[in-house]
Every structure is written in structure tokens, then in C-alpha cells.
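**Student:** Supplied in C-alpha cells, the structure appears directly below.
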Amino acid sequence: MNKSDLIKNMAGKAQLSQSNAEKFVNLIIDAMSSAFMREERIEIRGFGSFTIRHYPGYEGRNPRTGAKLAIPGKRLPFFKAGRDITDRINNR
């Protein structure tokens with residue numbers, strides 16, 4: 001499912017217009033993106049939680065030349081599925 005599929009699905013189930021459903025989806029994505037920028041944890045009960053994980057920098061190598069490179073640390077979003085959604089996926 002991509003963003004446009006989500007918008008169509010929401011519009012159909014909530015009896016919203018496509019434009020209102022798109023605004024709603026964009027508001028949710030913007031709110032989540034802002035929370036990620038502030039490194040806040042996002043928890044949606046019954047679905048799962050999103051956190052930011054920090055990965056330290058390390059020393060890598062250029063595969064062509066063999067020269068050492070300093071790979072900077074990074075932050076990546078991480079999703080952990082909740083118990084309810086895990087149970088639904090596994091048909092429990």
C-alpha cells in the first residue's frame with residue numbers, strides 16, 4: 001500500500017472526499033515527521049511504536065581503491081510492531 005492507496009482507502013471507509021482524506025493523511029505524516037525531528041517516541045496503541053535509533057560512525061574502505069573512509073554516525077527511524085497487530089498478522 002502506498003500513500004495514494006491509503007488516501008483512497010480512508011476516503012472510502014470514512015466517507016470523506018479525496019481531498020479531505022489527503023489533507024488528513026498529510027497532517028499525520030507531518031506530525032510524525034516533526035516528532036522524529038525532535039527525536040520523540042511515537043506510540044500508536046494496538047499498532048506499534050516508532051523510535052529513532054542512533055548508529056555510531058565507523059571506519060570503512062573504498063572497495064575499488066582500498067582507501068580508508070570515515071563513515072559518519074546516523075540516526076534512523078525504527079518501528080516495533082505492537083502485540084495486537086502481530087496477533088492479527090499471525091491470525092491469533
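The values are calculated or read from the model by the stated rules, or taken from the named source; none is laboratory data. These numbers come from a predicted model, not from an experiment. Cβ sites come from the backbone with ideal geometry, for glycine too, and all protein chains shown count toward neighbours.
**Student:** Restricting the range 67-92 to residues that are assigned to a helix (DSSP H, G or I) and basic (Lys, Arg), which is surrounded by the most Cβ atoms within 10 Å (Cβ to Cβ)? Walk me through it before giving the result.
**Tutor:** Restricting attention to the range 67-92, the residues satisfying the condition of being assigned to a helix (DSSP H, G or I) are 83-89.
Cutting the leftovers down to basic (Lys, Arg) gives us 83, 88.
Numbers: Arg83: 10, Arg88: 13.
Here the residue is Arg88.
**Student:** Could you count how many residues in the range 61-92 are of a type in the set (Val, Ile, Thr) and touching a residue at least 12 places away in the same chain (Cβ under 8 Å)? It would help to see each step written out before you state the result.
**Tutor:** Taking the range 61-92 as the starting set, the residues that turn out to be of a type in the set (Val, Ile, Thr) are 65, 71, 85-86, 89.
Pick out the ones that are also touching a residue at least 12 places away in the same chain (Cβ under 8 Å) and you get 71, 85.
Matching residues across the range 61-92 total 2.
**Student:** Under 8 Å between Cβ atoms, which residue pairs at least 6 apart in sequence (or on different chains) link something in the range 36-60 that is at positive phi with a partner that is outside any strand (DSSP E or B)?
**Tutor:** These pairs meet every condition: Gly46/Gly82; Gly46/Asp84; Gly46/Ile85; Gly48/Gly82; Gly48/Ile85.
**Student:** Pull up the range 33-66, narrow it to residues that are in contact with a Gly (Cβ under 9 Å, 6 or more places away or on another chain) and over 30 Å from Ile89 (Cα atoms), then point me to the one that is surrounded by the fewest Cβ atoms within 10 Å (Cβ to Cβ).
**Tutor:** The extreme case among them is Pro56.
**Student:** Working carefully through the options Ser19, Ser33, Ser49, find the one that is part of a strand (DSSP E or B) and under 24 Å from Asp5 (Cβ atoms). Lay out the reasoning, then the answer.
**Tutor:** Values: Ser19 fails: part of a strand (DSSP E or B); Ser33 fails: part of a strand (DSSP E or B).
Step by step, each of Ser19, Ser33, Ser49 is checked, and only Ser49 is part of a strand (DSSP E or B) and under 24 Å from Asp5 (Cβ atoms).
**Student:** Can you name the condition, by its number, that Ser19 falls short on among (1) surrounded by fewer than 11 Cβ atoms within 10 Å (Cβ to Cβ); (2) in the same structural domain as Phe78 (by TED's automatic domain parsing)?
**Tutor:** (2)
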